[in-house]
Amino acid sequence: MSERPSEESTGVDSASANSSEADGCEGCEAAKGGGRRGFLFAAGTTLLTVGGGLAAVPIVGVAIGPAEAGDPNRWISLGKATDFKIGETVLVKFTNPWDSPTDGDTNENVCYVRCIDHATFQVFAVTCAHLGCPVEWFAQSRLFMCPCHGGVYYEDGARASGPPPRGLYEYVWRVEDGSFEILGGRLPGLQEST
Amino acid sequence: MKSSGVIGRTLGWVDDRTGLVAVTEHAMFHKVPRSAKWWYVFGSATLMFFIVQLVTGVLLTTLFVPSAAEAYQSLVYIDEKIPMGWMLRALHGWSSNAMCIMMLIHMTQIFLHGTYKYPRELTWVAGVALCVTTLGLAFTGQIMRWDANAYWGLGIGAAIVDRVPLIGNWLRSVVLGGPDISGATLSRFFALHVFILPGTAIGLIGLHLILVLKGGISEMPKVGQPVEPETYREEYEGRVKKTGVPFFPDAARRDMVFCGAALIGLIGLAAWYGPFGPGPLPSPTIIEVAPRPDGLFLWLFAVLALLPPDTETFLILVGPPVGIAFLAALPFISPRGERAPSRRPISVIILCIIVTALAVLTWLGETSPWSPVMKAWTSIPTPVEYVRGRSPLELQGAIQLQYAQCRNCHSIGGEGGERGPALDDVATRLNWDQLVRQIQQGGGNMPAYGKNLSSAETEALVAFLSTLDGGHLPARIPGAMERQPGRDQSPTADPRAEGESDADADTVAAR
Ligand code: FES
């Protein structure tokens, strides 16, 4: 780099014609070399990287934020435990423990509560363990049927037939001071432990 | 810019400053092969429908509210209150289908004619990327129609994403924008449908067109004129120079006729059939729905129902990327050689298999024989001839058949579910004991009713089923069609024996 490229070499047309750059691009030369141009190039690269990194914090943060928000599950009361009729399975509405102003109806949710006795329950998600369609309870045949691909479950949630790989998802429940509560908030899925 | 008039001088000035006039001139008047005729109109038609999508889509964003609390009402408002709003939605919906169909025909033609070969490999790759983007637009568009199908369709998408090993659950939250489907989900899909995917499509279309201009429009394939990368360009250019015609107006005439007709057809369809949906409300609490995807994705719906459960996750997750990668790799697998379909039997066979498979799967998806008919047990009558002359026990069984939801999966008299076999002639296939066992223990995709029916209910049901002989079909296994063991046959007049002698009826019953 004894002979610095002339200023005109920055022009697009003359750049390739400049003999001093025949062995490399101008940027590479500048990056390798010292002096003012090398410094500017290094400073530019650094500033852009730092700026990009800083900008990425809110961008990536908002994009993946929902996955990093921690456990959304909360205890949700479904009423008095003794209000459930023994031997019946019923569809019960509840409200998601988290919400935003734009949720509308999606803030509501439902689950099936099977009351075996007033101290023993099973709470099933309505979403089929196959691909999440809503299963329907038929009290007469004591079966849950899925309208999508024909999955069927017994009244205890066990898989009866069709494509589902497992039984219905179950919510964890408890009876606190006579109030029947489930741990809900997250859409159940195959990778949940319940 | 030889013309010296005002227009000529203006164009000259613009070209001097931008270079765009020369580029446009080249694009319009470059020479294309004389053989590029009606087969070549589908790409243009795809582009035209995309433009319709852009224009109608931009207008729809001025009316549609991408909030889960208001989206549905805003769609109804567009349909019912905005003058011509319904037509705008109809155009957007029908044009989406038309664009996908034109794109698929275009791709089929390119595949059939081997056009993806040298030197047009990257034109094809950009086309494959456009195909994926377009299907993404179609899927996210269904979500914008914020109804029950959209809501539960998202649930299915979420369940699929959830199956990704290790990061599935994390990824699901990113896609849904939260731990469950919510307002944030609609917002995310709105951003995809309105910004990200259309932006990608516009970029890819630009690239695709630049590549088409660079590589030149292909000739119709000719037997004995294989693609040899060493000489192809020179020969192609030579031929086009000698016999080619300018794209505009010579070749463009057909595009214009086809696109014009297609556009009028689109307007006709939209005006006649109106907009798609919205269907039932998108509420998680309304579960009496049977979610179905739009026609374009019915084959996928069928695939999800028919895949064997143990390989399902693997196939759902690995199948699509491998399929797309294979499509994109096609020109590199087969960059040279004959283009004529008659010389590429394997390609033609593969194409036939794919088209047939998609058609059959779409038809299956439409009829979805694997889905129970959820309302069959209450809404479909029992055929009169199946209850005429039956004993009280058998009649009780006929009621039991309805009441235990058997008809959700089994049809009689041609009505009911198709998941299990039709029961019209079940008595010829199973004897009394086998019927009892099948009902109590299930098996072969049937749940076991053992715990759910009392023995009296089972007995009545079997008594009824053993009268269903398909209208005098002979027994197909020993012991079939014997009524309840030890039961006195005499009180029951055989319902089908009217006009026949008692002896005949007895023979039938005893057979
Ligand atoms: S989603 Fe229920 S069977 Fe597929």
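The values are calculated or read from the model by the stated rules, or taken from the named source; none is laboratory data. Bear in mind the structure is a predicted one, so any value in this text is a computation, not a measurement. In this analysis, Cβ positions are derived from the backbone assuming ideal geometry, glycine residues included, and neighbour counts consider all displayed protein chains. Heavy atoms of the whole protein, side chains included, go into the accessibility calculation; ligands, DNA and RNA do not. Shrake-Rupley method; radii C 1.70, N 1.55, O 1.52, S 1.80 Å.
Miscellaneous remarks
- Residue in segment A:151-168 that is farthest from the ligand (Cβ to nearest atom), counting only those that are among the aliphatic types (A, V, I, L, M) and without any contact (Cβ under 8 Å) to a residue 12 or more places away in the chain: A:ALA158
- Flag for A:TYR112 being away from the ligand (no atom under 12 Å from the Cβ) and either buried (at least 23 other Cβ atoms within 10 Å of the Cβ) or under 24 Å from B:LEU300 (Cβ atoms) (or both): yes
- Residue check, B:GLY199 surrounded by fewer than 22 Cβ atoms within 10 Å (Cβ to Cβ), free of Cβ contacts under 8 Å to residues at least 40 places away in the same chain and more than 16 Å from the ligand (Cβ to nearest atom): yes
- Take the conditions (1) within 16 Å of the ligand (Cβ to nearest atom); (2) in contact (Cβ under 8 Å) with a residue 60 or more places away in the chain; B:ASP162 misses just one of them, which is (2).
- Candidate set from segment A:156-172 (those that are crowded, with 20+ Cβ neighbours inside 10 Å and over 14 Å from A:THR127 (Cα atoms)); member that is farthest from the other protein chains (Cβ to nearest Cβ): A:GLY162
- Annotation note: Cβ proximity below 6 Å between a residue of segment B:329-358 that is in a helix (DSSP H, G or I) and a residue that is of a type in the set (Asp, Glu) (sequence gap 6+ or interchain) occurs for B:PRO331/B:GLU121.
- When the test is whether a residue is assigned to a helix (DSSP H, G or I) and touching a His at 6+ places or on another chain (Cβ under 9 Å), B:THR46 passes it.
- Every listed requirement among (1) closer than 30 Å to A:GLU136 by Cα; (2) surrounded by 16 or more Cβ atoms within 10 Å (Cβ to Cβ); (3) among the hydrophobic types (A, V, I, L, M, F, W, C) is met by B:PHE314 save one, (2).
- Taking each residue of segment A:129-150 that is open to solvent by 10 Å² or more (accessible area, probe 1.4 Å) and looking for partners that are in a loop (DSSP other than H, G, I, E, B) and near the ligand (Cβ under 6 Å from one of its atoms) with beta-carbon atoms closer than 9 Å, six or more apart or interchain, yields A:GLU136/A:CYS146.
- Looking at B:THR140, B:THR123, B:THR108, B:THR133, just one residue is closer than 30 Å to B:HIS92 by Cβ, among the polar types (S, T, N, Q), away from chain A (no Cβ under 14 Å) and without any contact (Cβ under 8 Å) to a residue 60 or more places away in the chain, and that residue is B:THR140.
- Filter result for B:GLN440 (surrounded by fewer than 21 Cβ atoms within 10 Å (Cβ to Cβ), within 14 Å of another protein chain (Cβ to nearest Cβ) and part of a helix (DSSP H, G or I)): yes
- The helices (runs of 4 or more DSSP H) located wholly in segment B:112-192 that include 3 or more residues which are among the hydroxyl-bearing types (Ser, Thr, Tyr) occupy B:121-144.
- The listed residue being over 22 Å from the mean Cα position of the chain (by Cα) and within 14 Å of chain A (Cβ to nearest Cβ), out of B:ALA158, B:ALA150, B:ALA184: B:ALA184
- Filter pass, A:GLY70 being within 13 Å of chain B (Cβ to nearest Cβ), within 30 Å of B:ILE316 (Cα to Cα) and either of a type outside the set (A, V, I, L, M, F, W, C) or not in a strand (DSSP E or B) (or both): yes
- Scope segment A:115-147; condition within 16 Å of the ligand (Cβ to nearest atom), small (Gly, Ala, Ser) and at the interface with chain B (Cβ under 7 Å from one of its Cβ atoms); matching residues: A:GLY132
- Taken together, the criteria exclude B:SER35 from residues that are over 37 Å from the mean Cα position of the chain (by Cα), polar (S, T, N, Q) and assigned to a loop (DSSP other than H, G, I, E, B).
- When the residues of segment B:281-311 are filtered to those that are at the interface with chain A (Cβ under 7 Å from one of its Cβ atoms) and not in a loop (DSSP other than H, G, I, E, B), the one that is most open to solvent (accessible area, probe 1.4 Å) is B:PRO309.
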